[in-house]
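Below is one structure, written out as structure tokens, with a few remarks after it.
The values are calculated or read from the model by the stated rules, or taken from the named source; none is laboratory data. Here the structure is a predicted model, which means the values were calculated and not measured. All Cβ positions, glycine included, derive from the backbone under ideal geometry; neighbour counts span all protein chains shown. Note: accessible area is taken over every heavy atom of the protein model, side chains too, but ligands, DNA and RNA are not part of it. Shrake-Rupley method; radii C 1.70, N 1.55, O 1.52, S 1.80 Å.
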Amino acid sequence: MNNLNKITVGITAYNCADFLIDAINSVLNQSVSSWDGVLVLDGGSDKATKKIFERFNHPKFKKYTFQENKGAYQTRTKAINLSKTPWYLQLDSDDLLPKNAIKNVLETINKNPNAEFIYGNCEIFINNKSKISKPSEDVEMLCYSPLFNAASPISTQLFESIGGYNKNLVINADWDFWISVFEKEINGAYVNSVIYKRRKRLDNLGNRYINERSKIVDEIISRHPIFFNNKTRIDKAKYNVYNQLAGYNRSIGDRKKAANYVRKAVEIGLNTGTFNSILKEENMSSLRYFIRRLGRLI
């Protein structure tokens, strides 16, 4: 196949020794060979991840190492810039590609020459449990997240036309990217098969930077006046984030922060029984609060 019928798979790696080999093997074991590989190691990775990166060599893969930590989106951008094909597929180092993913994606590209991205079903798995997530047809869901797997295959031309990822966002830059795609009314094509397998992890990037979400949602709303063109959508996005932050801070025992986010959420949305409990906990005695938390843990 020539480059017009190939796709680059970019794997970006940071502190992922437990999963990286499986991610690489899921590319090597594809049912077709019409792909190029790029493996980018973010700076500051642990020794185990570095050892896997340094030992891995394959004629279809090129490698690149950052000396300093750049974060998820700069490493993805580097992988895209290193690709020599018109299409790119991001594979996070803790995720997997199904055996026929590249075959199904390339067939869909060939059948839809005007498409600039391909979206399909995503299998979300943890341990031995999994579920299939299909793309949402409800545009309002874009108030909360992309309508489909954020690592969906894109044309490199699309990436350039959008201007890449927003460099101000340490998380949710992919959500921001897909809102831009929607606003520009760019055509995509759907493939009715699982083309990505996403591992569900409690220590993922989004959870590590969860306290940044309040500032990030404000940034995203301000950047997208076309989509966030009414108060209802703005309130949906903010309410969702405040609800998440209230729950997270409650889980770590920060009563004041949890209650503050509840008040912000209630100002723009419905009150709930959980919110009332969080507000009550704010002013509980230390002993009573300790017993209450202990009871939830048990």
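Remarks
- Residue identified as under 21 Å from residue 160 (Cβ atoms), over 23 Å from the mean Cα position of the chain (by Cα) and open to solvent by 20 Å² or more (accessible area, probe 1.4 Å) among 81, 57, 114: 114
- Long-range neighbours under 8 Å by Cβ, at least six apart or interchain, first residue touching a residue at least 12 places away in the same chain (Cβ under 8 Å) and farther than 26 Å from residue 222 by Cα within segment 238-266, second aromatic (Phe, Trp, Tyr) and open to solvent by less than 50 Å² (accessible area, probe 1.4 Å): 255/289
- Meets criteria (open to solvent by less than 50 Å² (accessible area, probe 1.4 Å) and touching a Cys at 6+ places or on another chain (Cβ under 9 Å)) for residue 210: no
- Residues located in segment 67-85, provided they are free of Cβ contacts under 8 Å to residues at least 60 places away in the same chain and more than 16 Å from residue 156 (Cβ to Cβ): 67, 68, 69, 70
- Qualifying positions in segment 218-249 - under 18 Å from residue 173 (Cβ atoms) and in a helix (DSSP H, G or I): 218, 219, 220, 221, 222, 223, 237, 240, 241, 244
- Qualifying residue in segment 39-56 (condition: touching a Ser or Thr at 6+ places or on another chain (Cβ under 6 Å), closer than 19 Å to residue 90 by Cα, outside any loop (DSSP other than H, G, I, E, B) and of a type in the set (Val, Ile, Thr)): yes
- Condition check for residue 137: charged (D, E, K, R) and part of a loop (DSSP other than H, G, I, E, B): yes
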